Amino acid sequence: MTPPAGTARPETGAGAFGHGAAQDGGTAAPGAASATPAPGTGGTTPPPGTPAGGGYGYGTPPAAGGPGPSGQPPGSAPGGYGYGGAAGPGPGPARAQGGDAHPHPAGQAGAPGGYPEAPPGDGLRRYDPWGVSVPAAGEAADTAVATRPRRGTLVFGAVVIALVAGLIGGGVGVYLEREGQFSAVRLPQAGSERGSAPAGSIAGIAEAALPGVVTLHVQGGGAAGTGTGFVLDDRGHILTNAHVVRPAAGRNGAIQVTFHSGDTASAEIVGQDAGYDLAVVKVTGVSGLTPLPLGDSDGVRVGDPVVAIGAPFDLAGTVTSGIISAVNRPITAGGEESDGSDVSYVNALQTDAPINPGNSGGPLVDLTGHVIGINSAIRAPEPMGADGGQAGSVGLGFAIPINQGKDIAEQLINTGRATHPVIGVTLDLSYRGTGAKVGTAAGNDGGTAVEPGGPGDRAGLREGDVITAVNGQRVRSGDELIVKIRSHRPGDELVLTVQRGGEDLELPVTLGEASGG
């Protein structure tokens, strides 16, 4: 059947997207796409904005003055909005000339462009994202030509959406992190509670004593070494071991003292005594010194807690702790010199507080913070280290009792030298029995083994006597007798237990005095 007026024919494309002209009540010429009216139509082109029928291709208007279909005003043309769709009640925007030729296929009647037919009353308004805006029925078309959405508006909208999405995502991420999901592991940790360490604690002792402990770097005579010392007074006197400062006693010797604060100063030897392994050095031009208080080593008991401070292997300010393992432990140290001038004899305090090379000369402190000993020697397995070098601590450390150290330090400061108590006899150090054997003239290069008029001679000692005890304390060797004698002062009176011809004799002796070196 013949389609209604204004309906596009699929085979001709009349009224389709951009093709052909439609006359009121007529059929479109096949393939026509003209900007001028078809012959016989008459009339003039309506002004811009006048509604017109036809497809999106905008057909030519009917003759002037002719009534429009369905009672529409003159100049109107049937047709709907869509790709060659059927006539609808709503007016479509019109142009005076044919529309643009877009590469869209012509739609069939009732199914423009492949879209389903619009329901009645919809005015055949289709969704076209790039199409013109069509006014609803009864609305006036305010503009002659519809415009496409601006690209700037689309970009701005996309940016806003991205920002909002970012804010939302960030908020969700923060929430998840705070709630412990998808976040790095955070382990609990106690807060720092720094303040003054409790008195009597290891930390409290170290805090009080460290400012008075120094590190000594010594060189001279082709030798160099590191040791420890501690401040005796605010005049700059520092007590240390004789074996620490020995290299500086030669030519071109030098001693540099480093304080706990990091400040350094040069020092000079005031005096030293190898027999006690003690020395005093002095720094000048240094203020704010922190002398360490001295305790009483005679009151030390086995098991008392102690703290050792020093610079083992040049690690300054090292603090170790332990207990007193033994008291009155006779030891000898040194012996590197061929004449034995460097041998020291000490009635030592033994401790298991770790002491290593470099600790020598440092303080051994009790829980009151008082110095009770001067760290001096360690017992190490033989050989000393796998490579023959120095070995570390095995828990056998020895300190010179501070009572002895105080006496020697005062002598060195006041006179530059110290004296030793003696009994005036020469001992046979090759004796392997128990006790200390007085030598003989034959074994003493023809000289007498008992000094005439000396303390031993006055006490009644004879050559060949074996001294087995001092004040009731057993003596096992000649070195041990020397240690016990030197733990006293000149003028002290002792009781010697002597074996002579199978008898035990008790001989009182008053100690004499000899200069040390």
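The values are calculated or read from the model by the stated rules, or taken from the named source; none is laboratory data. Because the structure is predicted, anything quoted here is derived from the model rather than measured. Note that each Cβ is placed from the backbone with ideal geometry, even for glycine, and that neighbours are counted across all protein chains shown. Ligands, DNA and RNA are stripped out before the accessible areas are found, and what is left, the full protein with its side chains, is counted by its heavy atoms. Shrake-Rupley method; radii C 1.70, N 1.55, O 1.52, S 1.80 Å.
Based on Cβ point charges of +1 for Lys and Arg and -1 for Asp and Glu, what charge dipole magnitude is obtained for region 276-351 about its Cα centre, in debye rounded to the nearest 20? Each step should come with its number before you reach the end.
Working: 3 positive and 9 negative charges, 70 e Å.
Charge dipole, region 276-351, about its Cα centre: 340 debye, nearest 20.
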Exercise. Taking 0.36 nm per residue of separation and subtracting the Cα-Cα distance, what length does fully extending GLU493 through GLU336 add?
Worked result: 53.2 nm
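Apply 1/(1 + (r/R0)^6) to the Cβ-Cβ distance of ARG500 and ASP304, taking R0 = 45 Å, and write down the FRET efficiency to the nearest 0.05. Walk me through the intermediate numbers first.
Values: r = 40 Å, r/R0 = 0.89.
Taking R0 as 45 Å, the efficiency between ARG500 and ASP304 is 0.65.
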Exercise. Where the centroid of each part is defined by its Cα atoms, how far is region 277-331 from region 203-270 in Å?
Worked result: 13 Å
Exercise. Which whole-percent values make up P(r) of region 187-274 when all C-alpha to C-alpha distances are grouped in 10 Å steps starting at zero?
Worked result: 15, 38, 23, 13, 7, 2, 0
For this session: Please compute the net charge surrounding GLY295, taking Lys and Arg as +1 and Asp and Glu as -1 over other residues with Cβ under 15 Å from its Cβ.
Result: -3
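Work through the residues other than THR419 whose Cβ is under 15 Å from its Cβ and net out their charges, Lys, Arg +1 and Asp, Glu -1. Show your work: numbers first, answer last.
Working: positive: LYS406, ARG417, ARG486, ARG489; negative: ASP273, ASP407, GLU410, ASP492, GLU513.
Residues near THR419 contribute -1 overall.
Please report the projected area of region 248-391's Cα convex hull averaged over all directions, in nm².
On the way: hull surface 41.1 nm².
Projected area, direction-averaged: 10.3 nm².
Tell me, what is the per residue accessible area of region 420-501 in Å², probe radius 1.4 Å? Each step should come with its number before you reach the end.
Details: 4010 Å² over 82 residues.
That works out to 49 Å² per residue.
Only four residue types carry charge here, +1 at the Cβ of Lys and Arg and -1 at the Cβ of Asp and Glu. Report the dipole size of region 417-517 about the Cα centre in Debye, rounded to the nearest 20.
Details: 11 positive and 14 negative charges, 57 e Å.
Computed charge dipole of region 417-517: roughly 280 debye.
Heavy atoms only, probe 1.4 Å: what % of the accessible area of region 391-431 goes to carbon and sulfur, would you let me know?
Details: 860 of 1620 Å².
Result for region 391-431: 53 percent of the exposed heavy-atom area is carbon or sulfur.
Order these peptides, 491-504, 287-300, 228-241, by their mean beta-carbon neighbour count within 10 angstrom, highest first.
Working: 491-504: 13.8, 287-300: 15.6, 228-241: 22.6.
The densest-packed peptide leads the list: 228-241, 287-300, 491-504.
Please report the carbon-and-sulfur percent of the accessible area for region 451-500; probe 1.4 Å, protein heavy atoms only, DNA, RNA and ligands left out.
Working: 950 of 2390 Å².
Of all accessible area on region 451-500, carbon and sulfur atoms account for 40 percent.
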Exercise. Using θ = phi - 60° and the Karplus form 6.51 cos²θ - 1.76 cosθ + 1.60, what ³J(HN,Hα) does each residue of region 197-213 get, whole Hz, x for Gly and Pro?
Worked result: 5, x, 4, x, 7, 4, 5, x, 5, 4, 4, 7, 8, 3, x, x, 9
Exercise. In straight Cα distance, which lysines are under 21 Å from LYS484, not counting same-chain residues fewer than 8 positions off?
Worked result: LYS406, LYS437
Exercise. Which residues' amide hydrogens lie under 5 Å from the amide hydrogen of LEU427, considering only partners 5 or more residues apart or on another chain, with H built in the peptide plane?
Worked result: GLY439
Seminar exercise, completed: If the chain between ALA199 and PHE313 were fully extended at 0.36 nm per residue, the gain over the current Cα-Cα distance would be 38.1 nm
For this session: Please identify which residues in region 490-517 have an amide N closer than 19 Å to a label point set 7 Å out from the Cα of ALA249, following the Cα→Cβ vector.
Result: 514-517
For this session: Report, in cubic angstrom per residue, the convex hull volume of the C-alpha atoms of region 459-517.
Result: 95 Å³
